[in-house]
1. Can you name the number of the only condition in (1) touching a helix residue (DSSP H, G or I) at 6+ places or on another chain (Cβ under 6 Å); (2) surrounded by 13 or more Cβ atoms within 10 Å (Cβ to Cβ); (3) under 30 Å from Asn37 (Cβ atoms) that Ile86 fails?
2. Residues in segment 134-160 that are at pLDDT below 95 and closer than 30 Å to Arg85 by Cβ: how many?
3. With respect to Phe6, determine if the residue is of a type in the set (Phe, Trp, Tyr) and closer than 29 Å to Tyr79 by Cβ.
4. Consider segment 1-54. How many of its residues are farther than 30 Å from Asp89 by Cβ and touching a Ser or Thr at 6+ places or on another chain (Cβ under 8 Å)?
5. Being modelled with pLDDT of 90 or more, outside the structural domain of Val108 (by TED's automatic domain parsing) and of a type outside the set (D, E, K, R) is true for just one of Leu22, Leu52, Leu27. Which residue is that?
6. Which of the residues belonging to segment 65-80 are exposed (fewer than 15 other Cβ atoms within 10 Å of the Cβ) and over 16 Å from Val162 (Cβ atoms)?
7. Within segment 1-81, considering only helices (runs of 4 or more DSSP H) that don't extend past its boundaries, which have at least 1 residues that are basic (Lys, Arg)?
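The values are calculated or read from the model by the stated rules, or taken from the named source; none is laboratory data. Bear in mind the structure is a predicted one, so any value in this text is a computation, not a measurement. When we count neighbours, we look across all protein chains shown, and the Cβ atoms used for this are built from the backbone with ideal geometry, even at glycine.
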Amino acid sequence: MFWFIFYLAKWNMLIGAILGLLTTIILNIFFMKKLINNFYNFNKIWLIIIHLFFSICIFGFFMGVPVFNILPGIFGSIYVGKQARIRNDNVETFQHNLKIVNIFSIIVLIFMCFCSAYLALSDPYTASNLEGMFNLSFSLTSAMLWMIIIFGGIILLLVQYVASMIIAKRIYKKR
């Protein structure tokens, strides 16, 4: 943030970067040990906020293409697996928590897919952009675009769900 503020203010960005680095080091000295010790005891509201924040950031970073929006859901399942292992939760508790995280992650991913679909369908140049990007020898029709959106979204949801289940269960079973 210091670098960005110094950039916007047209000040020396090197000083901003150094101040940012020093601030980070000082904050780590005072808060990192407490954060690490309580990492798997975060309030659920904070976990939801973190998940939504990174989902929005990833969506924006990849310019509305939701392919990498499966990552927050997968990381959420990793968190649940490690949390259950550390707490020595029984299988039922672990599966219940994993189910909740997966449902939330799927809902967020569905929302991101709808936003992406809206952007793709409202832009009159989406088909020609895809043709140029992938060097297609044929023209994309609106029906093809709809199929890409629908089947791509379903595949994303399935990949996130399956990957989350497999990864979380493997982490939980490492005892």
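1. Failed condition: (2).
2. 0
3. It is false that Phe6 is of a type in the set (Phe, Trp, Tyr) and closer than 29 Å to Tyr79 by Cβ.
4. 1
5. Within the list Leu22, Leu52, Leu27, the selection yields Leu22.
6. If the condition is that a residue be exposed (fewer than 15 other Cβ atoms within 10 Å of the Cβ) and over 16 Å from Val162 (Cβ atoms), then Phe68 is the only one that fits.
7. Helices (runs of 4 or more DSSP H) meeting the threshold: 13-37, 44-61.
To keep it simple, each residue is scored yes or no on (1) over 18 Å from Phe62 (Cα atoms); (2) under 24 Å from the mean Cα position of the chain (by Cα); (3) modelled with pLDDT under 95.
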{"residue": "Phe111", "(1), (2), (3)": "no, yes, no"}
{"residue": "Asp123", "(1), (2), (3)": "no, no, yes"}
{"residue": "Gly132", "(1), (2), (3)": "no, no, yes"}
{"residue": "Val162", "(1), (2), (3)": "yes, yes, no"}
